Amino acid sequence: MDGKKLEYKGEDALKEIEKLTTTAGEVQYGILKEILKRNAETEYLNKYMKGSIDVSQFKSCVPVITYKNIYPYIQRIANGEDSSLITGQPITEILCSSGTSAGEPKLTPSIAEDLDRRTFLYNLIMPIMNQLSYIFFLYSFLYIVFRWFHHANYNCNLDDVISASWRVMHEKELCSHPHSDFLHSSIEVNESTIIVYIPGLDDGKAMYLYFVKAELSTPCGLPFRTVLTSYYKSKHFKCRTRDPFNDFTSPDQAILCNDSNQSMYCQLLAGLVHRHQVMRLGAVFASALLRAISFLERKWAQLCNDIRTGHLDLSIIDPACRSAMMSILSSPNPDLADEIESICSRPSWKGILCHLWPRAKYIEAVVTGSMAQYIPPLEYYSAGKLPLVCTMYASSECYFGVNLKPICDPAEVAFTLLPNMGYFEFLPLGENGALAMDIDEEEAVPNDRLVDLVNVKVGCYYELVVTTFSGLYRYRIGDVLQVTGFHNQAPQFRFICRRNVVLSVDNDKTNEEDLHRSITTAKKLLEPYNALLVEYTSYADTSSVPGHYVLFWEIQMVDSATSIDAKLLQECCVTVEEELDYVYRQCRSWEKTIGPLEIRVVEPGTFEALMDLFISQGGSINQYKTPRCIKSSTALKLLNSHALASFSSPRDPKWIPLNG
């Protein structure tokens, strides 16, 4: 990638977006041509293309694949074979994805240039947030009408035109969202443009809570880490240009601390010290922000004491953290400590974020997909006064695009895929996408079924397929997307879900197959007691922090003379957790971002009542299958009303680091 593009700021960044999206088809062709040119001699591509770099041959000969097809190549590289198995450039690290396979994290190859692409995308966010331009003929017309009336000495002013424009904007649903009062004060009108923006973001700091995970190594010595850990440890982040839009409350030393508790403590402390300078709040995922609020509830008195005395708590033992934080706690500040104590000691924490950080203008976090379940608590802690902003769409395999209208209702978030990030194709799915996905995970996909980026159709559902410089070719990402529109030639997508994922609380992604396998193992514990598991379903309970998995079990006793006790059901909980995948067990046992799994035993006949409920809502009795994950609040209420008892895991599942 052109290094100059990493320096784009402000208007230059916005112009680059326009340039890329206006010529999206040409950019995509050029990207694929360049990937083939660089990687033509790799073992993988040579097998199908025999050294050719012809685009049409690529589309006709290179198969659409899933992780299991590329894994053997990545594993060989991790064990020490040359990167030329799949890419013409040296693989510099292996990224571990939260998407799992056979109980272990997926391995994703990464080259040095990938960091340039990620940085390019990050650098687009603040120009988009600081000024969002939407060109509407209607508003140009209204402005011209205003000018004509004004020169004709009619009683008309610009505020009236803005108000009229705002009403029409909502009527046409061009920029509807739940924070209209906030935005109404942030509109400018000129002869060609309505500009909706968040002013003053360069007048303070960002309290973003970022975390790394301890990295491992592959057998050949390559770093093995998450994509975010890779970025935060890179020179792109640590040596970033210091400007008003890049001014974080958290010192880098706190972000880079491997101990998540010490990191959280120091980052919250720094945010509280700078509370009157904070203009925006955020974390990568909504779940992380809620964990921070829960941590603050437990530790606010301790944090206030540090501010009051000017001394960092002795529980912070990381040398780099202590050094960085002592420069922030330069002297005692009892007045600030009293302010924070007064706020945190209130009986209700509704709106606590606005009270602690009164100048904050929005919350930035991923709130799409499984993270949407955290919107209600975030709305509670912000009293509904701060827009929830979702800025970008990315994965370990590739960074994809940005949200060009971030100040919108979270349910309306759509991402514009940027054509220079990789080569994108799309696998058409059923009419309702998430509910009728007609392509199995491992089913061979005919090459001619894929659709190019610029040829997708509005309203249709697709699975994203990517080809990257780092060695993934026609790789199914597993994300289900719906096309909502276009920005110039580039399509805009709403994220629907991960394919086959039924449960997710944090970074975990449990699919129906994994859940079924785990429960099949656990239910064997019931058999010696003449008990049978008749039916089951599940849901992710995020009403408390950390969230946890809940299983509803209907158990039939074959012999009424026997019974099962609490310890047996607790062991069933443990067995299910032991059988779930690596990432789940890591989150449960090491990171503590998932709480103990819970089994709720329900009355006999509960699942018949559940079927009756769905049929009464229009379902077909002939096609009814028990849902393995409950999304409906009505269905959840029914299940809870039939619950007889609840049991939770008494201990953490076993988890061993991959090279530990």
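Laid out as a table, the results:
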quantity	calculated
Every residue from region 488-505 that is part of a loop (DSSP other than H, G, I, E, B) and at pLDDT 85 or above	Asn488, Gln489, Ser504, Val505
From Ser323, Ser287, Ser294, residue being buried (at least 21 other Cβ atoms within 10 Å of the Cβ) and assigned to a helix (DSSP H, G or I)	Ser287
Condition met for Asp313 (in a helix (DSSP H, G or I), touching a helix residue (DSSP H, G or I) at 6+ places or on another chain (Cβ under 9 Å) and on the phi < 0 side of the Ramachandran plot)	no
Among the candidates Ile328, Ile343, residue that is under 30 Å from Pro127 (Cβ atoms), touching a residue at least 12 places away in the same chain (Cβ under 8 Å), surrounded by fewer than 22 Cβ atoms within 10 Å (Cβ to Cβ) and in the same structural domain as Ala283 (by TED's automatic domain parsing)	Ile328
Those residues of region 549-558 which are without any contact (Cβ under 8 Å) to a residue 60 or more places away in the chain and in a strand (DSSP E or B), in sequence order	Tyr549, Val550, Leu551, Trp553, Glu554, Ile555, Gln556, Met557
Restricting region 194-230 to residues that are within 26 Å of Ser395 (Cα to Cα), surrounded by fewer than 18 Cβ atoms within 10 Å (Cβ to Cβ) and hydrophobic (A, V, I, L, M, F, W, C), the residue that is modelled with the lowest pLDDT	Ala214
Ser56, sole failed condition from (1) in contact with a Leu (Cβ under 8 Å, 6 or more places away or on another chain); (2) more than 15 Å from Ser470 (Cα to Cα)	(1)
Counted residues, region 281-301 - those being over 20 Å from Tyr362 (Cβ atoms) and touching a residue at least 24 places away in the same chain (Cβ under 8 Å)	6
Residue ID - surrounded by the most Cβ atoms within 10 Å (Cβ to Cβ), chosen from residues in region 561-573 that are free of Cβ contacts under 8 Å to residues at least 40 places away in the same chain and not polar (S, T, N, Q)	Ile564
Identity of the residue in region 516-534, surrounded by fewer than 17 Cβ atoms within 10 Å (Cβ to Cβ) and assigned to a strand (DSSP E or B), that ends up farthest from the chain's Cα centre (by Cα)	Leu532
Meets criteria (in a loop (DSSP other than H, G, I, E, B), touching a residue at least 12 places away in the same chain (Cβ under 8 Å) and over 12 Å from the mean Cα position of the chain (by Cα)) for Pro406	yes
Hits in region 562-621 - residues which are part of a loop (DSSP other than H, G, I, E, B) and either in contact with a helix residue (DSSP H, G or I) (Cβ under 7 Å, 6 or more places away or on another chain) or closer than 25 Å to Asn261 by Cβ (or both)	Thr562, Ile564, Leu580, Asp581, Lys592, Thr593, Ile594, Gly595, Pro596, Leu597, Ile621
Lone unmet requirement of (1) part of a loop (DSSP other than H, G, I, E, B); (2) in contact with a Ser or Thr (Cβ under 7 Å, 6 or more places away or on another chain); (3) touching a residue at least 60 places away in the same chain (Cβ under 8 Å) for Glu364	(1)
Residue count for region 588-612, restricted to those that are surrounded by 16 or more Cβ atoms within 10 Å (Cβ to Cβ), more than 24 Å from Glu578 (Cβ to Cβ), of a type outside the set (Ser, Thr, Tyr) and touching a strand residue (DSSP E or B) at 6+ places or on another chain (Cβ under 7 Å)	1
Test for Val480: is it within 29 Å of Phe58 (Cα to Cα) and of a type in the set (A, V, I, L, M)	yes
Residues within region 55-92 that are in contact (Cβ under 8 Å) with a residue 12 or more places away in the chain, out of contact with any strand residue (DSSP E or B) (no Cβ under 9 Å at 6 or more places or on another chain) and closer than 21 Å to Val445 by Cα, tallied	4
Test: residue in region 382-401 that is in a helix (DSSP H, G or I), out of contact with any Lys or Arg (no Cβ under 7 Å at 6 or more places or on another chain) and farther than 14 Å from Leu289 by Cβ	no
Test result for Pro653, outside the structural domain of Leu107 (by TED's automatic domain parsing), of a type outside the set (S, T, N, Q) and within 30 Å of Arg225 (Cα to Cα)	yes
Residue identified as loosely packed, with under 15 Cβ neighbours inside 10 Å and β-branched (Val, Ile, Thr) among Val576, Val545, Val550, Val558	Val558
Failed item in (1) of a type outside the set (A, V, I, L, M, F, W, C); (2) assigned by TED's automatic domain parsing to the domain that holds Ile293; (3) surrounded by fewer than 18 Cβ atoms within 10 Å (Cβ to Cβ), with Gly384 passing the rest	(2)
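Residue-wise test of (1) at pLDDT below 90; (2) over 30 Å from Val502 (Cα atoms).
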{"residue": "Lys47", "(1), (2)": "no, yes"}
{"residue": "Ile77", "(1), (2)": "no, yes"}
{"residue": "Glu104", "(1), (2)": "yes, no"}
{"residue": "Asn130", "(1), (2)": "yes, yes"}
{"residue": "Ser133", "(1), (2)": "yes, yes"}
{"residue": "His150", "(1), (2)": "yes, yes"}
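The values are calculated or read from the model by the stated rules, or taken from the named source; none is laboratory data. Just so you know, these numbers come straight off a predicted model, no measurement behind them. Quick reminder, even Gly has a Cβ in these numbers, built from the backbone with ideal geometry, and neighbours come from all protein chains shown.
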